[in-house]
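Chemist: Below is one structure. I have some questions about it.
The values are calculated or read from the model by the stated rules, or taken from the named source; none is laboratory data. Owing to the predicted nature of the structure, the values given are computational and were not obtained by experimental measurement. Every residue, glycine as well, gets a Cβ built from its backbone with ideal geometry; the counts of neighbours run over all protein chains shown. These area figures cover heavy atoms from the full protein model, side chains too; ligands, DNA and RNA do not enter into them. Shrake-Rupley method; radii C 1.70, N 1.55, O 1.52, S 1.80 Å.
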Amino acid sequence: MIEFFGLQIAWRDVIDIAIITIVYYQLILLVRGTRAVAVIYGLMLLLVVYWVSDELGLFTLNWLLTNFLGSFFLVIIILFRSDIRKALAQIGVGRFWRRTPVEEQSLNEMVLAVLAMARKRCGALIVVERGVPLGDIVERGIEVDARISKELLMSIFKTETPLHDGAVVIRAGRLAAAACILPLSTKFKGQTVFGTRHRAALGISEESDAVSVVVSEETGDVSIAMNGRLTTSLDELRLRRVLKNVMER
């Protein structure tokens, strides 16, 4: 037992509170900056409306919300199925706790290739696998399993080569596969600002913790997609810093 402001607290209670705090903190990190935040706000608004309808005696509205919220856990699972799957995958591979340094040589070769392709306006899409395995994505592509090099990356994304369509997947510091097909995000559907490469980069970042680097064929702009967010107009310094930070796992 420990005493805190005159209250007797058991060690078991302290451990319980610490675990709950860590879980809530990791959940906040997981949904921060994603569409899940808007869904959470919507659910909170529904709870407020439910309470107001009960206080004011709005029986029809209260009955509808009672039946809707009666299956609250089922609603949560349906609304957050992709986020729950992503969280369980990250926990399964120990993504929340493990961090290892990125290989400097691989990072340098990747940055040099991206910058060179940006100058030539050669479209490219590079996906870096982190904690969540991308085995299903790799299997749908063409296996390469080669050391990362500037020359190899640039040759793959030349429009004359059969592998330039699709994405390259980097796994464990090696180029695992090319011509990989990625799920498309619906975030920019119907917009002409971003093309298929950007939607694919966002799509894989929404379904996993992978990081995607995109080179625009039209503008030569370099972008990075991670956690369902797209950062554009990266120069060499920002690209290198962001990649080094996010590739540490």
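Chemist: Scan Ile20, Ile84, Ile91 and give me the residue that is assigned to a helix (DSSP H, G or I) and modelled with pLDDT of 70 or more.
Modeler: After applying the criteria, what remains is Ile20.
Chemist: Look at the stretch 215-229 and say how many of its residues are within 17 Å of Arg130 (Cβ to Cβ) and either free of Cβ contacts under 8 Å to residues at least 12 places away in the same chain or in contact with a strand residue (DSSP E or B) (Cβ under 6 Å, 6 or more places away or on another chain) (or both).
Modeler: Matching residues across the stretch 215-229 total 3.
Chemist: Now, a different point. Which count do you get for residues in the stretch 233-248 that are open to solvent by 50 Å² or more (accessible area, probe 1.4 Å) and either part of a loop (DSSP other than H, G, I, E, B) or in contact (Cβ under 8 Å) with a residue 40 or more places away in the chain (or both)?
Modeler: Qualifying residue count, the stretch 233-248: 6.
Chemist: Would you check if there is a residue in the stretch 157-166 being touching a residue at least 24 places away in the same chain (Cβ under 8 Å), surrounded by 17 or more Cβ atoms within 10 Å (Cβ to Cβ), within 20 Å of Asn108 (Cα to Cα) and more than 16 Å from the chain's Cα centre (by Cα)?
Modeler: yes
Chemist: Report, by residue number, each residue of the stretch 116-128 that is of a type outside the set (A, V, I, L, M, F, W, C), at negative phi and open to solvent by 20 Å² or more (accessible area, probe 1.4 Å).
Modeler: Answer for the stretch 116-128, where residues must be of a type outside the set (A, V, I, L, M, F, W, C), at negative phi and open to solvent by 20 Å² or more (accessible area, probe 1.4 Å): Arg119, Lys120.
Chemist: For the stretch 71-80: of the residues being part of a helix (DSSP H, G or I) and modelled with pLDDT under 75, which is nearest to the chain's Cα centre (by Cα)?
Modeler: Ranking the candidates gives Leu79 first.
Chemist: Taking Asp136 and the conditions (1) open to solvent by 50 Å² or more (accessible area, probe 1.4 Å); (2) part of a loop (DSSP other than H, G, I, E, B); (3) without any contact (Cβ under 8 Å) to a residue 12 or more places away in the chain, which numbered condition does it fall short on, given that it satisfies the others?
Modeler: Every condition holds for Asp136 apart from (2).
Chemist: Restricted to the stretch 184-196, and to residues that are in a loop (DSSP other than H, G, I, E, B) and surrounded by fewer than 15 Cβ atoms within 10 Å (Cβ to Cβ), which residue is modelled with the highest pLDDT?
Modeler: If we take residues in the stretch 184-196 being in a loop (DSSP other than H, G, I, E, B) and surrounded by fewer than 15 Cβ atoms within 10 Å (Cβ to Cβ), then Thr186 is modelled with the highest pLDDT.
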